[in-house]
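Comments concern the structure below.
Only the coordinates and a few stated rules stand behind these numbers; no lab work does. Quick caveat, the model's predicted, so the values are computed rather than measured. No Cβ is skipped: glycine too gets one built from the backbone with ideal geometry, and neighbour counts run over all protein chains shown.
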Amino acid sequence: MLAKMLPFTGNPLNRRSEMRSDAAWMAQRLAGGHILPLWHEQVFVAGEALLRAAEVPPDLAFALAGPGAACVFLGEEEAALFALDLSAAEAAGEALKQFGEFRELRGAAPSLRKKDLAILSQAKAMMEWHTRNGFCPRCGAPTLAGDAGYKRVCGKCGTEHFPRTDPAVIMLATHGEECLLACNIKWSADFYSTLAGFVEPGESIEEAVRRELYEEAGVVAGAVRYCASQPWPFPTALMIGCYAEVEAKALRLDPGEISHAAWFDKKTARDLLEGRIEGRRGPMKVAIAYHLIREWAEGK
């Protein structure tokens, strides 16, 4: 098991889910709360070498948001925190530049304070869910937000829709003292990482690991060991990290998924993570793939 908390985890907020349907309680918290704005799923940050989640004055934020903007109660720490969608304001960045700037979360993640990264991950995932669910998938009518942003209700058929998280397995396949790393056809040719895929309906984590390894690389896995999980807000997945021992090293790559793959011994895997192999690079430190490889390569 990983000895430390992974990036995107460790959210310190008390989500107070039992109070989300209490409109009076929520209005009171909003009146004295802090606003974290988002703009087209970009998060708002401030700082230089070390970034933090930046707040803006509520009156200014709501004036920019306009009517009907998604507002999500994230939880409480010292005060209540709310995420607010400012996508309708074309000049939001200019209007708020004295407080911070909008950045893509993936790019900002390595520089963000750990707790801020976890909070902004929650905010981004929730806001993207609202953006994608403005209309009812059952009848096509517009939906309205409820429960402090944690559900949407169809105004026509009354169907309630709730945020979803897609479980995905991400696994380091090993054979003795070597591990399998691959390059997806969508990635830069010099990038190597672990294999991964979404869990299908009616499938266990272990079954998903074995299926994905066989489908993408043609290897047959035996023992599967869970390691750790990581919320991954791109857009809303839960990465379930595992190790899988495979029976043989022979590969049969799926050309529709994997461009190339290679077996790495522990020293070479460490060199990859540290950027010591010319023409090859590994996953960034905020990704669970990095920590799966690191733990195995260091023999922990």
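As a proxy for reagent exposure, W187, W263, W129 were ordered by neighbouring Cβ count within 10 angstrom, fewest first; the result is W187, W263, W129. Look at where the Cα atoms of the range 54-75 and of the range 202-254 average out, and the two centres are 40 Å apart.
Multiplying the residue separation of R276 and F99 by 0.36 nm and removing their Cα-Cα distance gives an extension gain of 59.8 nm. In terms of other Cβ atoms within 10 Å, H175, H34 run from fewest to most in the order H175, H34.
Assuming charge only on the beta carbon of Lys and Arg (+1) and of Asp and Glu (-1), the dipole of the chain about its Cα centre is about 260 debye to the nearest 20. Shape call for the range 166-297 from the C-alpha gyration tensor, a ≥ b ≥ c root eigenvalues: rounded (a/c under 1.5), prolate (a/b greater than b/c) or oblate? Taking the square roots of the gyration eigenvalues as a ≥ b ≥ c, the range 166-297 is rounded.
Extending 7 Å from the Cα toward the beta-carbon at both S259 and A88 defines two label points whose distance is 4.2 nm. Among the lysines, select those whose C-alpha is under 19 Å from the C-alpha of K114, and discard any that sit fewer than 8 residues away in the same chain. The qualifying lysines are K4, K124, K285. Residues of the range 222-256 falling in the label zone of F191, defined by backbone nitrogen less than 11 Å from a point 7 Å along Cα to beta-carbon, are absent.
Residues whose amide H comes within less than 5 Å of that of S229, counting only those at least five positions distant or on another chain, are G241 (H built at 1.01 Å from N in the peptide plane).
Karplus-based coupling profile of the range 225-232, in residue order and whole Hz: 10, 6, 10, 6, 10, 8, x, 10, with θ = phi - 60° in 6.51 cos²θ - 1.76 cosθ + 1.60 and x standing for Gly or Pro. Secondary structure note: in the chain, about 75% of the DSSP beta bridges are antiparallel.
Each principal axis of the chain carries a Cα extent, and these read 61, 47, 32 Å when sorted largest first.
Label separation (D166 vs V220): 3.1 nm, computed from points 7 Å beyond Cα along the C-beta direction. Dimensions of the range 13-170 based on its C-alpha atoms, expressed as ranges along the principal axes with the largest first, amount to 49, 42, 32 Å. For the pair C139 and T9 in one chain, pulling the backbone fully straight at 0.36 nm per residue adds 43.2 nm over the alpha carbon distance.
Residues R132, R280 in ascending order of nearby Cβ atoms (within 10 Å, fewest first): R132, R280.
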